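These notes are about the structure you will find just below.
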Amino acid sequence: MGDNSADTYTGLFPLSIIEEGKTVKVVKIIGGRGLVRRLYEIGLLPGAEIEVVRNSKHGPVIIRNKITGTFSLGYGVAKKIMVEVMQ
Amino acid sequence: MSCHELSSPTTLGNKHELIKVAIVGNPNVGKSALFNKLTGGNAWVGNWPGVTVEKKTGRIVIEGHEVELVDLPGIYGLTPYSLDEVIARKFILEERPRIVIQVINATNLERNLYLTIQLLEMNVKLIIALNMIDLAEKEGLEIDINGLMNQLNILIIPTIAVKEVGVDNLTKAIIMELNSPPPFFKINYGPEIEEAIQRIERILDKCEIADVGANSRWIAIHLLEDDKDIEELFRKRGLEDVLRKVVEIKRDLQTRLGESIEVLMIEKRYQYILSLTQKYVKRRHVKESLTTFTDRLDRILTHPILGLMIFISTLYLLFKFSFDVASPLTNLLDVLISGHVHSFLKTLPLPTIISSLLADGVLQGVGILLIFIPNLFFLFLGISFLEDTGYLARVTFLSDKWMNKIGLSGRVIIPLLIGFGCNVPAILSTRVLGDDRDRRLTMLIIPFMSCSARLPIYLLFTLVFFKENQMLVILSIYFIGVTTAIITALLFNKLLFKGQTSGYVMDMPPYLIPSVGNIFAKSWERIKSFLVRAGSIIVIMMVIIWALSIFGPEGYLGVEALRNPDLLSRSWIASFSKLIEPLFKPFNWDWRVISSLLFGFVAKEVVVSSLSVLYNVEEADLSTVLSTSFTPLTAYSLMVFTLLYTPCMATAATLRSEIGLKNTIFIIIYELFIAYIMAYLVLSIGGLLL
Amino acid sequence: MKMINYYILSMGLTYIISSLMFILENVNIVKTGLSQVTPTDAGMALYFVTVGTLYNYAYFKSSEEVFGTSLLLASIMSIAFMFVQTLHYSLQLLDLIVSDSNIEVLFNLMRIEIVLGILSIPILLKERGNHI
Ligand SMILES: Nc1nc2c(ncn2[C@@H]2O[C@H](COP(=O)(O)OP(=O)(O)O)[C@@H](O)[C@H]2O)c(=O)[nH]1
C-alpha cells in the first residue's frame with residue numbers, strides 16, 4: 001500500500017477524528033431519530049462517500065458529498081457519524 | 001367516508017375566493033428574496049398559531065384572483081427536525097394550500113429535488129421556481145427545463161430573484177395551475193417495498209383518515225419510514241390496530257430486505273433524482289466556477305488561526321460600524337426629540353397634566369425607541385450583509401469548537417452577537433436553533449450580552465470616574481457580561497440542562513455578493529419586529545412610571561414632581577425605593593439610585609436621565625453630583641449591577657412570549673441574584689485591593 | 001509583475017508596523033505622537049495585524065494558489081474599514097452643524113486606515129477580474 005496514514009485507519013471511526021482531505025464512507029449514524037433522518041435526507045446515507053474538507057479536531061467538520069453538496073456539521077453531530085476510510 | 005384521494009374538490013374559477021399559495025424550499029435558495037419580489041415588499045409578519053415562529057404572509061391580486069402567499073421556513077425534507085420544519089410540514093398537510101411553489105437553487109439541483117420528490121408524493125399542486133439560474137450558468141450547468149418539466153409533469157419557471165427575472169411568469173403560472181388537476185407521481189421503490197406499500201394501503205382504505213391531507217400511498221410510505229407524527233395521529237384516533245398491522249408488515253419486509261427500509265427508500269429517491277439530472281443536466285467545464293472560488297476562500301476563512309483572526313476583526317468592524325456610524329444620528333435624534341419636540345408639546349395649550357403625559361410619558365417612551373433605531377439598523381445591516389455573503393455560515397463553523405466548551409452549538413453565536421445590539425431580536429433569532437435545550441440556555445444568557453442601551457450608563461460613569469482609561473473600563477464591563485454568561489451556561493449545564501448540545505447540521509452556501517435591496521429588506525424586517533414587540537411595552541411602561549412619579553401615598557403631587565426632587569421623594573416610586581433601600585445597604589446606594597434602577601427596568605438607558613431628575617440637575621451637570629456621591633469603586637459596582645440586574649421590560653416581554661411567564665420570572669430572579677452577587681464581589685474584592 | 005509585488009509587500013508591512021507602533025505606545029516604551037498613523041484602540045490594532053498578515057501571506061506565498069485569495073480578502077477588509085471610517089467621520093461632520101464639536105474631525109479623513117483603504121482599491125479591482 002505504501003500509504004502510511006491510510007493504514008492507521010482500519011475499522012470504524014467517528015467522522016470527528018478523520019483528517020482533512022480524506023474520503024470516507026458512512027457506515028452508520030448513532031443518534032436520535034430526528035438527527036439521523038436529517039442526515040439521511042441531505043445524502044449522508046450509509047454507504048455514501050464523503051470528503052472531509054475541514055476538520056478542526058474536537059470541533060466541527062466541513063464535508064462534501066458529491067451529490068448534495070457541502071455541509072458543516074457541529075462537533076456534536078460529527079462524532080455520531082461512524083465512517084470507514086477509503087483507500 | 002373512506003380514505004379518499006387528497007383534498008376537497010377544487011372549486012373552479014371562483015374569483016372571490018382567497019387562494020392560498022405556500023412557498024417552500026431548502027435554506028439559502030433565495031426564498032425570502034423571491035417572496036419579497038412576489039409580494040412587492042408588502043409582507044405581513046405575524047406568528048404561527050400556538051408557536052412563536054414568524055409567519056410571513058403577503059396578499060397580491062393576479063388577474064382578479066386574490067392570492068395569499070405564505071412563506072414557509074426553510075426545510076430539507078418533510079421529516080420535521082426543528083420547530084421551523086414542524087410548522088412547514090403542518091401547513092402543507094393541514095391547511096392544504098391550493099398551490100405550493102418550491103424555490104430551487106439551480107446550482108444544487110440534486111439536493112433540492114429531494115424535497116420536490118417528497119412534495120410530489122403528497123400530490124400537491126407544485127410549481128418550481130428554478131432560482132439562481134444566473135449562477136447555474138456561471139457554473140457551466142445547462143439544464144433542460146422543458147425535458148424536466150415533461151418528465152415530472154409540473155411547471156418549472158426559471159427565475160433570478162434578486163433581479164426580479166421570471167417573477168411575472170411565476171404569477172402567471174399560479175393562475176395556470178389553479179384549475180389543473182393535481183399531478184400524479186410515483187416512484188418505484190422496488191418490488192418488495194412496493195408490495196408492502198400496497199398491503200398498507202389496503203389496510204388504510206378501510207379507515208377514516210381522509211382529512212390527513214394526503215393520499216393513502218403517501219401515508220403508507222411515511223408509515224414505512226417510521227414517521228412519528230403520522231403514527232401519533234393514528235394513535236390519537238384509536239387506530240392502534242392499524243399500527244400493529246403495519247409493524248408486522250415492516251418486520252416482514254425487513255427480514256426480506258436485510259437492510260434498513262428507511263435507508264433503502266431514501267436511496268431510491270436519490271437514484272431517481274440522479275437519473276433525472278443525468279438526463280437533463282449537462283456540465284460544461286468552466287475555468288473558475290463558484291464552487292472552486294468558494295473553496296479557495298474557505299481555505300483561508302475557515303483556517304484555524306487566520307480564520308479566527310479574520311472573524312474577530314470582522315466582528316470588531318461590525319460593532320464599530322453599528323456604533324460609530326449610528327452615534328451622530330443618535331445625537332441628532334436626541335436633540336430633536338428631547339429638545340425641540342418636547343418643548344413644543346409643553347407649549348401646546350393643554351391642561352398641564354395632559355401635556356406632561358404626552359411630553360414626559362409618551363414622548364419619552366417613543367424617544368427611547370427612536371434613539372435605538374440608528375444603532376440597531378446599522379447592526380442589522382451589517383449582520384444581514386454578512387449573512388447574505390454566506391460568511392455567517394463560516395462563523396458558525398469557527399465558533400462551534402468554542403461554544404461546545406460551554407455546552408452550546410456554534411449556531412448560538414449569531415443570536416449572541418445580535419444581543420450586543422439589542423436583546424429582543426436576539427431572543428427572536430434563537431428560533432432557528434434546532435434544539436430546544438440550546439434555545440433555552442441561549443435565552444438565559446442573552447441578557448448578559450451588554451446591549452447598546454446600557455452603553456450610555458457606562459459612558460456617564462466612566463467619564464466621571466475613569467477618565468484616563470475609559471475604553472478599557474467599558475471593555476471590562478462587556479467582558480464581565482460575557483464571563484457571567486459563560487459561567488451561567490456552565491452552571492446550568494450541570495444543573496438543569498444535562499448533557500451536551502446535539503450540534504448542528506448546516507448548509508455551506510457559496511460566497512455571493514449580496515443584493516442591496518435584500519439586505520435592506522431583511523434589516524427592516526428585524527427592526528420592525530423590535531418596534532412591534534418592544535414599542536408598545538416601552539411606551540406603556542413609561543406612562544406607568546410617569547404616573548407613579550406624580551402620584552404618591554398622599555395623592556396627586558402635580559407634574560412638577562418630575563422636575564422637583566422634594567416632591568418626587570414623596571412619590572410612589574420613591575416610597576418603594578426607600579422600602580427596599582436596606583437591601584442595598586452594602587453598596588451604599590441611596591433611594592435615588594434605586595429609583596433610577598427601577599426606571600431602568602423599562603429600558604436601561606433611562607437610568608441616566610432619571611438620575612439627573614432625581615438629583616435635580618441638568619444631565620450635563622450630573623457628573624459633578626455623581627462625583628460626590630460615588631467613589632470609583634461604588635460607581636464600578638453600580639455599572640456591573642446595571643449590566644446584569646435584569647433583562648429590560650421589552651426583553652422580558654419577548655421572553656415571556658417565547659418561553660412562558662414562569663421561565664421568564666425565573667430568569668429575572670436569577671439575574672437579579674447574579675447582579676447582586678457580582679456587584680458585591682466587585683465591592684469587596686475592590687475594597688481589599690485598594 | 002515585480003512592481004505589484006513590492007506594492008503588496010509595502011501595504012502589508014505598513015499595516016503591521018502601524019499596529020506595532022500602537023503596542024509600543026501603549027506599553028509606554030516610546031512616544032511617537034503620530035496618532036494619525038496608529039490604530040486608536042486594541043480592536044483596530046488586531047484588525048491591522050489581520051490585514052497585514054493577509055497581505056504578507058499573499059506576498060510570501062506568491063507562488064501558490066492561496067496568493068490571490070489572500071490578496072482578495074486583504075483588499076476587501078482594507079476597503080471595508082476605510083468605508084466605515086469615512087462614513088463615521090463624515091457623519092461627525094454633519095454633527096458639527098448642530099453641536100459644537102471641533103473642526104479637527106476633518107483631519108480624521110486623512111487617517112492611515114482611510115489612505116490604505118484607498119490604496120487597496122486597485123488591488124481589489126485587479127483580483128476581482130481574476131476571480132469572478
Ligand atoms: N445571483 C443570484 N443570487 C441570488 C438569487 N436569489 C437569491 N440570491 C442571493 O442568495 C442569498 C440567499 O437568499 P435568501 O433570499 O436570503 O435565501 P433564503 O434563505 O432561501 O431565504 C442572498 O445573498 C441573495 O442575494 C438569484 O437568483 N441569483
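The values are calculated or read from the model by the stated rules, or taken from the named source; none is laboratory data. None of these values were measured; they are calculated from a predicted model. Cβ: placed from backbone, ideal geometry, glycine included. Neighbour counts: every protein chain shown.
Quick look at the numbers
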| item | result |
| --- | --- |
| Residue identified as in a strand (DSSP E or B) and of a type outside the set (Val, Ile, Thr) among B:ALA196, B:ALA173, B:ALA129 | B:ALA129 |
| Enumeration of residues in segment B:261-294 that are within 14 Å of chain C (Cβ to nearest Cβ) and surrounded by fewer than 16 Cβ atoms within 10 Å (Cβ to Cβ) | B:VAL286, B:LYS287, B:GLU288, B:THR292 |
| Residue in segment B:98-111 that is part of a helix (DSSP H, G or I) and more than 16 Å from the ligand (Cβ to nearest atom) present | yes |
| Selected residue [surrounded by fewer than 21 Cβ atoms within 10 Å (Cβ to Cβ), within 16 Å of the ligand (Cβ to nearest atom) and away from chain C (no Cβ under 14 Å)] from B:SER623, B:SER523 | B:SER523 |
| Within segment B:1-68, strands (runs of 3 or more DSSP E) holding 1 or more residues that are at pLDDT below 85 and away from the ligand (no atom under 14 Å from the Cβ) | B:43-47, B:54-62 |
| Number of the condition not met by A:SER16 [criteria: (1) hydroxyl-bearing (Ser, Thr, Tyr); (2) more than 29 Å from B:GLN278 (Cα to Cα); (3) at the interface with chain B (Cβ under 8 Å from one of its Cβ atoms)] | (3) |
| Pair list, Cβ under 8 Å, 6 or more apart: segment B:361-380 residue within 14 Å of B:ILE545 (Cα to Cα) and surrounded by 24 or more Cβ atoms within 10 Å (Cβ to Cβ), other residue at pLDDT below 80 and aromatic (Phe, Trp, Tyr) | none |
| Odd one out for B:LEU141, checked against (1) more than 9 Å from the ligand (Cβ to nearest atom); (2) within 18 Å of B:LEU115 (Cα to Cα) | (2) |
| Boolean, B:GLU232 is surrounded by fewer than 15 Cβ atoms within 10 Å (Cβ to Cβ), within 14 Å of chain A (Cβ to nearest Cβ) and more than 16 Å from the ligand (Cβ to nearest atom) | yes |
| Hits in segment B:199-212 - residues which are over 33 Å from the mean Cα position of the chain (by Cα), in a helix (DSSP H, G or I) and not hydrophobic (A, V, I, L, M, F, W, C) | B:ARG199, B:GLU201, B:ARG202 |
| Filter result for B:PHE397 (modelled with pLDDT of 85 or more and either crowded, with 21+ Cβ neighbours inside 10 Å or within 16 Å of the ligand (Cβ to nearest atom) (or both)) | yes |
| Residue that is modelled with the lowest pLDDT [pool: residues in segment A:1-51 that are in a loop (DSSP other than H, G, I, E, B) and of a type in the set (Gly, Ala, Ser)] | A:GLY2 |
| Single residue of segment B:548-564 satisfying the filter (more than 43 Å from the chain's Cα centre (by Cα) and not charged (D, E, K, R)) that is surrounded by the fewest Cβ atoms within 10 Å (Cβ to Cβ) | B:GLY555 |
| All helices (runs of 4 or more DSSP H) inside segment B:213-299 with 2 or more residues being over 28 Å from A:ILE67 (Cα atoms) | B:228-236, B:240-257 |
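Here's the yes/no breakdown for (1) buried (at least 17 other Cβ atoms within 10 Å of the Cβ); (2) modelled with pLDDT of 80 or more; (3) assigned to a helix (DSSP H, G or I); (4) of a type in the set (Ser, Thr, Tyr):
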| site | (1), (2), (3), (4) |
| --- | --- |
| C:ALA58 | yes, yes, yes, no |
| C:ILE76 | yes, yes, yes, no |
| C:MET82 | yes, yes, yes, no |
| C:LEU91 | yes, yes, yes, no |
| C:SER101 | no, no, no, yes |
| C:ILE114 | yes, yes, yes, no |
| C:GLY117 | yes, yes, yes, no |
| C:SER120 | yes, yes, yes, yes |
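Residues checked against (1) free of Cβ contacts under 8 Å to residues at least 12 places away in the same chain; (2) under 25 Å from B:SER549 (Cβ atoms); (3) in a helix (DSSP H, G or I):
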| position | (1), (2), (3) |
| --- | --- |
| B:ARG592 | no, yes, yes |
| B:SER612 | yes, yes, yes |
| B:ASN616 | no, yes, no |
| B:SER623 | no, yes, yes |
| B:THR628 | yes, yes, yes |
| B:THR642 | no, yes, yes |
| B:THR651 | no, yes, yes |
